[in-house]
1. Take the conditions surrounded by 12 or more Cβ atoms within 10 Å (Cβ to Cβ), at pLDDT below 80 and either closer than 30 Å to ALA268 by Cβ or not assigned by TED's automatic domain parsing to the domain that holds LEU258 (or both) and apply them to ILE123. Does it pass?
2. Among the candidates ASN270, ASN245, single out the residue that is farther than 27 Å from ARG362 by Cα, touching a helix residue (DSSP H, G or I) at 6+ places or on another chain (Cβ under 7 Å) and either surrounded by fewer than 22 Cβ atoms within 10 Å (Cβ to Cβ) or in contact (Cβ under 8 Å) with a residue 40 or more places away in the chain (or both).
3. Quick check, is ALA323 surrounded by 17 or more Cβ atoms within 10 Å (Cβ to Cβ) and either out of contact with any Asp or Glu (no Cβ under 9 Å at 6 or more places or on another chain) or not assigned by TED's automatic domain parsing to the domain that holds HIS434 (or both)?
4. Does ASP407 satisfy the criteria of being acidic (Asp, Glu) and under 30 Å from the mean Cα position of the chain (by Cα)?
5. Against the conditions (1) modelled with pLDDT of 65 or more; (2) over 24 Å from ARG15 (Cβ atoms), where does ALA73 fall short? Just the number, please.
6. I'd like the residue in region 333-387 that is closer than 30 Å to LYS107 by Cα and basic (Lys, Arg) and, out of all such residues, is surrounded by the fewest Cβ atoms within 10 Å (Cβ to Cβ).
7. Residues of region 398-425 being closer than 17 Å to ILE314 by Cβ, surrounded by 14 or more Cβ atoms within 10 Å (Cβ to Cβ) and touching a helix residue (DSSP H, G or I) at 6+ places or on another chain (Cβ under 9 Å), which ones?
Amino acid sequence: MVRLTDMDSGEWLDRWLATKQATPKTLEKYALAVRTLKESLASIEIEEITVAVAERVGKEDPALRSVLSMALAQAVKANLIGSNIAAVKREQRKPQEGSLYYRPNRKAWMAQVTFISPDGRPIKRTRLIKVDRKTKNPPEEAVRALEELKALKTGGGMLKGSSTIEELMNEWLASIRVKGPNQSDGLARATFAQYESLTRRQVIPMLGKIKAKDLTRSRVDRWLRDLESSHYTSPNGKSVDYSANTLRLCRVVLGMALKWAIREGVVARNVARESLPAGGRPQPEKHAMTEEQAAQLIDSSRGTPLGTLWALMIVTGLRRGEALGLRWQDFDGESITVTSQIKLEGGKIARGDLKTDKSRRRIRLPGFLVRDLETHRELQRATTEKNGGVLSELIFTNSKGGPIRPDNLRDRFISACKRAGIASHEDGKPWGVHELRHTAASQLLNDRVPMQIVSRILGHSSITVTLDVYSHLTDQDSELVADSMNNRYDKDTRPEK
């Protein structure tokens, strides 16, 4: 073995470069750096390189120190020297110093600071600064936002009795743990985005300047009434009145923030929970296909690429993303197990967690649907082999074998309804994919399936949600009660004793 002491710095750098594997362009850069280093270290033996020498090289060009560090790291690995004195030890950034980074999916710079609360919990404080396009350096507004976050006090002093609703809402949003790519705990990103949007658009503009301790139930009532009588601009530019559901969510979001503020000792009461729910414009009527229409769609679509998808959603009431996220491993020959869903994040397809914990469920399938799925699998396998590809793990795929974008189903479903001879609604609007879920609920309730079972099949978080959403489909229950009472008390119909 050639001893290190037998080499000068230039010989060792040449040896390191000869063993380096990289792209031609990168190797060319390394070679140029080595030539420069050999000139700088011409009179210095490699074991005589000190921290001061490495710092001098770094001042000339940081890239030179990086190459020198890589060369010495290889010597350390070969047990030729004891330590890499050229390595740059990065100073650990303290959480409260904050960070600025660009988020492409939000087209914004994110300012983030992490404080440690008195009980040891990390509390993240964030602020988004929207920009037209990504820039190499963060804009002044983003830098200023970071400094403002860093200036805020930590722990219990972050919110005081004089804190406004705007400050409270920002603190509450910053305290929410959002699910990451490989995290199972936390709030779904889409849900957090909804909370953030409601906070920025509906809560802060009208209540933001009020001190949290001065917010009253009557003021919340007036806020909800003001929203009810106003309107907002939809993405397509139309002026739209607030729906009852949007007003409900506004009240819920404020209520969750106040509940959190009670735990933080900022307010004593949750005046949002004490307020009166606002009305808003009526919710659009939920349409469900008749049994004949559903059968038409299933029969006419059988054998088409998405025919089994429509049948599955009619029978099980799966949400769109849940159905598209099904994998062959979720099908055991008689049942399906819903474990995840396909959704859009930042306009890109992603596999994510289900909407609620109760959404994870196993559903037994009727015999005809099991046969249709097996036929669909054979067709998918034959198509894949013909095209020389690899069989997808997904049950439902696009023409290239990849996942289907949820927002691409609408037009294909409308075409399927037209082929089946199913007319549009009375107002001329076409059927929507989500109405297959309503169809499933309608069928189950009309068959007198207990509400608890319907709730589990649909994957609702509680039976209350099922009652709120589908109570209009249970009108036949009143007929059942009327018939029952008539049989008891109508002297013309009750049996003689």
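The values are calculated or read from the model by the stated rules, or taken from the named source; none is laboratory data. This structure is a prediction, so every number in the text was calculated from the model and none was measured. Note: ideal-geometry Cβ built from the backbone for every residue, glycine included; neighbour counts use all protein chains shown.
1. Values: surrounded by 12 or more Cβ atoms within 10 Å (Cβ to Cβ): yes; at pLDDT below 80: yes; either closer than 30 Å to ALA268 by Cβ or not assigned by TED's automatic domain parsing to the domain that holds LEU258 (or both): yes.
Yes; evaluated as a whole, the condition is true for this residue.
2. Details: ASN245 fails: touching a helix residue (DSSP H, G or I) at 6+ places or on another chain (Cβ under 7 Å).
Just one listed residue meets the conditions, ASN270.
3. Details: surrounded by 17 or more Cβ atoms within 10 Å (Cβ to Cβ): yes; either out of contact with any Asp or Glu (no Cβ under 9 Å at 6 or more places or on another chain) or not assigned by TED's automatic domain parsing to the domain that holds HIS434 (or both): yes.
In short, yes.
4. Values: acidic (Asp, Glu): yes; under 30 Å from the mean Cα position of the chain (by Cα): yes.
For ASP407, the condition - acidic (Asp, Glu) and under 30 Å from the mean Cα position of the chain (by Cα) - is met.
5. With (1) modelled with pLDDT of 65 or more; (2) over 24 Å from ARG15 (Cβ atoms) applied to ALA73, the lone miss is (2).
6. Keep residues of region 333-387 that are closer than 30 Å to LYS107 by Cα, which gives 340-356.
Those still in the list that are basic (Lys, Arg) too: 343, 348, 351, 355.
Values: LYS343: 23, LYS348: 9, ARG351: 17, LYS355: 18.
Selected residue: LYS348.
7. LEU409, PHE413, ALA416, CYS417, ALA420, ILE422
Yes or no, residue by residue, for (1) modelled with pLDDT under 85; (2) under 14 Å from VAL433 (Cβ atoms); (3) assigned by TED's automatic domain parsing to the domain that holds ALA416:
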site: GLY255; (1), (2), (3): no, no, no
site: TRP260; (1), (2), (3): no, no, no
site: PRO277; (1), (2), (3): yes, no, no
site: ALA295; (1), (2), (3): no, no, yes
site: ASP299; (1), (2), (3): no, no, yes
site: ARG302; (1), (2), (3): no, no, yes
site: PRO305; (1), (2), (3): no, no, yes
site: ALA311; (1), (2), (3): no, yes, yes
site: ILE314; (1), (2), (3): no, yes, yes
